[in-house]
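Step one of this worksheet: look at the structure below.
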Amino acid sequence: MNIIRKIGSSQLIVGFFSFIVFWELINLLVQTHTIPSPLATFTYLFTILDDLILHSLGSILRVLVAMSISLLIGIPAGIFLGVNKKINRLFSPFLYYIYPIPKVAFLPVFMLLFGLGNMSKIMLIIWIIIFQMILSVRDGVLQIPASHFKVMNSFAASIKQQYRFLIIPAILPQVFSGLRISIGISLASLFFAENYATTYGVGYLIMSAWTKMNYEEMFCGIIVLGFIGLLFFKLLDLLEAHFTPWAAK
(Lines give C-alpha, C1' and ligand atoms only; values in the text may rest on other atoms or scores of the structure.)
Protein backbone atom coordinates (compact mmCIF):
# COMPACT_ATOMS: atom_id res chain seq x y z
CA MET A 1 0.00 0.00 0.00
CA ASN A 2 2.87 2.39 0.83
CA ILE A 3 4.45 1.65 -2.56
CA ILE A 4 1.17 2.46 -4.32
CA ARG A 5 0.88 5.75 -2.42
CA LYS A 6 4.47 6.69 -3.30
CA ILE A 7 3.84 5.95 -6.98
CA GLY A 8 0.62 7.98 -6.89
CA SER A 9 2.38 10.92 -5.19
CA SER A 10 5.22 10.90 -7.73
CA GLN A 11 2.72 10.88 -10.59
CA LEU A 12 0.94 13.88 -9.09
CA ILE A 13 4.21 15.79 -8.75
CA VAL A 14 5.24 14.98 -12.33
CA GLY A 15 1.77 15.91 -13.58
CA PHE A 16 1.79 19.24 -11.73
CA PHE A 17 5.22 20.26 -12.97
CA SER A 18 4.30 19.18 -16.50
CA PHE A 19 1.34 21.54 -16.28
CA ILE A 20 3.65 24.35 -15.07
CA VAL A 21 6.05 23.75 -17.98
CA PHE A 22 3.15 23.73 -20.46
CA TRP A 23 1.79 26.93 -18.91
CA GLU A 24 5.18 28.66 -19.16
CA LEU A 25 5.54 27.64 -22.81
CA ILE A 26 2.10 29.07 -23.64
CA ASN A 27 3.01 32.27 -21.78
CA LEU A 28 6.23 32.65 -23.79
CA LEU A 29 4.52 31.90 -27.10
CA VAL A 30 1.45 34.10 -26.66
CA GLN A 31 3.20 37.02 -24.94
CA THR A 32 0.05 38.60 -23.54
CA HIS A 33 -0.89 39.86 -20.08
CA THR A 34 -4.05 37.75 -20.33
CA ILE A 35 -1.93 34.67 -19.54
CA PRO A 36 0.46 35.66 -16.73
CA SER A 37 3.59 33.66 -16.05
CA PRO A 38 3.48 30.88 -13.44
CA LEU A 39 6.04 32.75 -11.30
CA ALA A 40 3.97 35.94 -11.22
CA THR A 41 0.82 33.97 -10.48
CA PHE A 42 2.26 31.99 -7.59
CA THR A 43 3.86 35.13 -6.18
CA TYR A 44 0.47 36.82 -6.23
CA LEU A 45 -1.19 33.69 -4.81
CA PHE A 46 0.62 34.01 -1.50
CA THR A 47 -0.53 37.62 -1.12
CA ILE A 48 -4.22 36.60 -1.24
CA LEU A 49 -3.88 33.24 0.49
CA ASP A 50 -6.47 34.06 3.19
CA ASP A 51 -9.07 35.01 0.59
CA LEU A 52 -8.32 31.88 -1.42
CA ILE A 53 -8.84 29.69 1.65
CA LEU A 54 -12.19 31.37 2.37
CA HIS A 55 -13.42 30.94 -1.20
CA SER A 56 -12.15 27.34 -1.31
CA LEU A 57 -13.92 26.41 1.91
CA GLY A 58 -17.17 27.79 0.54
CA SER A 59 -16.92 25.68 -2.61
CA ILE A 60 -15.77 22.56 -0.77
CA LEU A 61 -18.60 22.82 1.75
CA ARG A 62 -21.22 23.06 -1.01
CA VAL A 63 -19.84 20.01 -2.80
CA LEU A 64 -19.51 17.95 0.39
CA VAL A 65 -23.09 18.66 1.48
CA ALA A 66 -24.42 17.85 -2.01
CA MET A 67 -22.36 14.64 -2.24
CA SER A 68 -23.53 13.46 1.19
CA ILE A 69 -27.20 14.00 0.38
CA SER A 70 -26.77 12.39 -3.05
CA LEU A 71 -25.22 9.29 -1.51
CA LEU A 72 -27.95 9.00 1.12
CA ILE A 73 -30.61 9.09 -1.60
CA GLY A 74 -28.83 7.60 -4.61
CA ILE A 75 -27.45 4.41 -3.05
CA PRO A 76 -30.78 3.10 -1.65
CA ALA A 77 -32.58 4.14 -4.85
CA GLY A 78 -30.00 2.40 -7.04
CA ILE A 79 -30.16 -0.79 -4.96
CA PHE A 80 -33.96 -0.72 -5.10
CA LEU A 81 -33.91 -0.49 -8.90
CA GLY A 82 -31.26 -3.18 -9.15
CA VAL A 83 -33.11 -5.78 -7.10
CA ASN A 84 -36.57 -4.98 -8.48
CA LYS A 85 -36.55 -5.65 -12.21
CA LYS A 86 -40.15 -4.48 -12.76
CA ILE A 87 -39.47 -1.15 -11.04
CA ASN A 88 -36.24 -0.85 -13.00
CA ARG A 89 -38.06 -1.30 -16.32
CA LEU A 90 -40.62 1.29 -15.24
CA PHE A 91 -38.20 4.03 -14.17
CA SER A 92 -35.22 3.39 -16.49
CA PRO A 93 -36.75 5.35 -19.44
CA PHE A 94 -37.10 8.40 -17.17
CA LEU A 95 -33.48 8.08 -16.00
CA TYR A 96 -32.18 7.58 -19.54
CA TYR A 97 -34.05 10.65 -20.74
CA ILE A 98 -33.08 13.05 -17.99
CA TYR A 99 -29.49 11.90 -17.43
CA PRO A 100 -27.97 13.39 -20.64
CA ILE A 101 -29.68 16.79 -20.15
CA PRO A 102 -27.13 19.45 -19.05
CA LYS A 103 -28.11 19.95 -15.42
CA VAL A 104 -26.93 23.58 -15.31
CA ALA A 105 -30.01 24.35 -17.39
CA PHE A 106 -32.02 23.81 -14.20
CA LEU A 107 -30.17 26.48 -12.21
CA PRO A 108 -32.82 29.18 -12.88
CA VAL A 109 -35.50 26.75 -11.71
CA PHE A 110 -33.65 26.01 -8.47
CA MET A 111 -33.01 29.72 -7.89
CA LEU A 112 -36.74 30.40 -8.22
CA LEU A 113 -37.65 27.51 -5.93
CA PHE A 114 -34.93 27.75 -3.29
CA GLY A 115 -33.77 31.35 -3.51
CA LEU A 116 -30.43 32.85 -4.49
CA GLY A 117 -28.37 31.50 -1.60
CA ASN A 118 -26.49 28.27 -0.97
CA MET A 119 -29.57 26.05 -1.16
CA SER A 120 -30.09 26.54 -4.90
CA LYS A 121 -26.41 25.82 -5.61
CA ILE A 122 -26.39 22.70 -3.43
CA MET A 123 -29.62 21.49 -5.06
CA LEU A 124 -28.03 21.94 -8.49
CA ILE A 125 -25.05 19.77 -7.51
CA ILE A 126 -27.37 17.13 -6.03
CA TRP A 127 -29.35 17.15 -9.28
CA ILE A 128 -26.09 16.51 -11.13
CA ILE A 129 -24.70 13.79 -8.88
CA ILE A 130 -27.76 11.80 -7.89
CA PHE A 131 -28.59 10.31 -11.30
CA GLN A 132 -24.99 9.21 -11.77
CA MET A 133 -25.17 7.56 -8.34
CA ILE A 134 -28.46 5.81 -9.02
CA LEU A 135 -27.33 4.41 -12.37
CA SER A 136 -23.89 3.35 -11.08
CA VAL A 137 -25.36 1.54 -8.08
CA ARG A 138 -28.13 -0.05 -10.15
CA ASP A 139 -25.61 -1.34 -12.70
CA GLY A 140 -23.45 -2.66 -9.87
CA VAL A 141 -26.36 -4.68 -8.50
CA LEU A 142 -27.33 -5.98 -11.94
CA GLN A 143 -23.75 -7.14 -12.58
CA ILE A 144 -23.75 -9.45 -9.56
CA PRO A 145 -23.86 -13.02 -10.95
CA ALA A 146 -27.05 -14.92 -10.17
CA SER A 147 -24.91 -17.78 -8.85
CA HIS A 148 -23.80 -15.56 -5.96
CA PHE A 149 -27.40 -15.17 -4.83
CA LYS A 150 -27.93 -18.92 -5.18
CA VAL A 151 -24.95 -19.56 -2.91
CA MET A 152 -26.32 -17.12 -0.34
CA ASN A 153 -29.72 -18.80 -0.50
CA SER A 154 -28.20 -22.25 -0.16
CA PHE A 155 -26.69 -21.15 3.15
CA ALA A 156 -30.10 -19.77 4.21
CA ALA A 157 -28.74 -16.23 4.36
CA SER A 158 -31.25 -13.62 5.44
CA ILE A 159 -32.04 -10.52 3.37
CA LYS A 160 -29.95 -8.45 5.78
CA GLN A 161 -26.98 -10.79 5.35
CA GLN A 162 -27.32 -10.68 1.55
CA TYR A 163 -27.16 -6.91 1.63
CA ARG A 164 -24.25 -6.83 4.08
CA PHE A 165 -22.04 -9.53 2.61
CA LEU A 166 -22.97 -9.49 -1.09
CA ILE A 167 -24.82 -6.46 -2.44
CA ILE A 168 -23.08 -3.66 -0.53
CA PRO A 169 -19.51 -4.94 -1.18
CA ALA A 170 -20.38 -5.53 -4.85
CA ILE A 171 -21.62 -1.99 -5.49
CA LEU A 172 -18.88 -0.08 -3.62
CA PRO A 173 -16.48 0.05 -6.62
CA GLN A 174 -19.30 1.45 -8.77
CA VAL A 175 -20.08 4.02 -6.08
CA PHE A 176 -16.51 5.31 -6.07
CA SER A 177 -16.37 5.31 -9.88
CA GLY A 178 -19.61 7.27 -10.01
CA LEU A 179 -18.29 9.78 -7.49
CA ARG A 180 -15.13 10.36 -9.53
CA ILE A 181 -17.17 11.15 -12.61
CA SER A 182 -19.52 13.34 -10.62
CA ILE A 183 -16.79 15.42 -8.98
CA GLY A 184 -15.48 16.84 -12.24
CA ILE A 185 -18.97 17.66 -13.48
CA SER A 186 -19.93 19.11 -10.10
CA LEU A 187 -16.95 21.47 -9.94
CA ALA A 188 -17.62 22.67 -13.48
CA SER A 189 -21.27 23.31 -12.63
CA LEU A 190 -20.37 24.90 -9.30
CA PHE A 191 -18.14 27.36 -11.16
CA PHE A 192 -21.17 28.35 -13.21
CA ALA A 193 -23.55 28.48 -10.23
CA GLU A 194 -21.21 30.58 -8.06
CA ASN A 195 -21.39 33.43 -10.54
CA TYR A 196 -24.93 34.25 -9.40
CA ALA A 197 -25.97 35.93 -6.15
CA THR A 198 -22.93 34.96 -4.07
CA THR A 199 -19.88 36.68 -2.68
CA TYR A 200 -17.68 33.67 -1.94
CA GLY A 201 -16.64 30.55 -3.80
CA VAL A 202 -13.87 29.81 -6.29
CA GLY A 203 -16.20 30.34 -9.25
CA TYR A 204 -17.10 33.81 -7.96
CA LEU A 205 -13.41 34.59 -7.40
CA ILE A 206 -12.43 33.65 -10.96
CA MET A 207 -15.19 35.64 -12.64
CA SER A 208 -14.70 38.60 -10.31
CA ALA A 209 -10.99 38.68 -11.17
CA TRP A 210 -11.83 38.43 -14.88
CA THR A 211 -14.16 41.45 -14.73
CA LYS A 212 -11.41 43.41 -12.93
CA MET A 213 -8.85 42.20 -15.51
CA ASN A 214 -6.75 40.88 -12.63
CA TYR A 215 -5.45 37.88 -14.52
CA GLU A 216 -3.01 36.75 -11.83
CA GLU A 217 -5.92 36.44 -9.42
CA MET A 218 -8.00 34.69 -12.08
CA PHE A 219 -5.32 32.06 -12.61
CA CYS A 220 -4.92 31.69 -8.84
CA GLY A 221 -8.58 30.69 -8.75
CA ILE A 222 -8.06 28.21 -11.58
CA ILE A 223 -5.12 26.66 -9.73
CA VAL A 224 -7.13 26.39 -6.52
CA LEU A 225 -10.04 24.80 -8.40
CA GLY A 226 -7.62 22.17 -9.68
CA PHE A 227 -6.31 21.52 -6.18
CA ILE A 228 -9.87 21.13 -4.85
CA GLY A 229 -10.54 18.48 -7.49
CA LEU A 230 -7.23 16.81 -6.62
CA LEU A 231 -8.16 16.83 -2.93
CA PHE A 232 -11.46 15.08 -3.62
CA PHE A 233 -9.84 12.51 -5.90
CA LYS A 234 -7.12 11.65 -3.37
CA LEU A 235 -9.73 11.39 -0.62
CA LEU A 236 -11.73 8.97 -2.76
CA ASP A 237 -8.59 6.93 -3.45
CA LEU A 238 -7.92 6.58 0.28
CA LEU A 239 -11.53 5.67 1.04
CA GLU A 240 -11.64 3.16 -1.80
CA ALA A 241 -8.38 1.54 -0.68
CA HIS A 242 -9.82 1.20 2.83
CA PHE A 243 -13.34 0.01 2.04
CA THR A 244 -12.63 -2.01 -1.15
CA PRO A 245 -9.11 -3.44 -0.81
CA TRP A 246 -9.96 -6.18 -3.32
CA ALA A 247 -10.76 -3.53 -5.97
CA ALA A 248 -7.62 -1.52 -5.16
CA LYS A 249 -5.49 -4.54 -5.92
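Under the condition of being without any contact (Cβ under 8 Å) to a residue 40 or more places away in the chain and β-branched (V, I, T), which residue from the range 44-83 is least open to solvent (accessible area, probe 1.4 Å)? Filtering first and then ranking leaves I53. Among residues that are surrounded by 14 or more Cβ atoms within 10 Å (Cβ to Cβ) and in a helix (DSSP H, G or I), L39 is not included.
Among the residues of the range 129-161, those identified as free of Cβ contacts under 8 Å to residues at least 12 places away in the same chain, of a type outside the set (S, T, N, Q) and part of a loop (DSSP other than H, G, I, E, B) are P145, F155, A156, A157. If the condition is being of a type in the set (G, A, S), open to solvent by 20 Å² or more (accessible area, probe 1.4 Å) and closer than 15 Å to M67 by Cα, then the range 101-131 contributes no residue at all.
Of all residues in the range 146-172, those satisfying the criterion of being of a type in the set (A, V, I, L, M) and open to solvent by 60 Å² or more (accessible area, probe 1.4 Å) are A146, V151, A156, I159, I168. Of the residues making up the range 115-127, just one is modelled with pLDDT under 85 and assigned to a helix (DSSP H, G or I), namely N118. Does P93 meet the test of being more than 19 Å from the chain's Cα centre (by Cα), modelled with pLDDT under 85 and part of a helix (DSSP H, G or I)? It is false that P93 is more than 19 Å from the chain's Cα centre (by Cα), modelled with pLDDT under 85 and part of a helix (DSSP H, G or I). In the range 197-219, of all residues being more than 16 Å from I60 (Cβ to Cβ), in contact (Cβ under 8 Å) with a residue 12 or more places away in the chain and in a helix (DSSP H, G or I), the one that is least open to solvent (accessible area, probe 1.4 Å) corresponds to A209.
The values are calculated or read from the model by the stated rules, or taken from the named source; none is laboratory data. Computed from a prediction, not measured in an experiment: that's the story for all the values here. Because the Cβ atoms are built from the backbone with ideal geometry, glycine has one as well, and the counts that use them run over all protein chains shown. Only protein heavy atoms, including side chains, enter the accessible area calculation; ligands, DNA and RNA are left aside. Shrake-Rupley method; radii C 1.70, N 1.55, O 1.52, S 1.80 Å.
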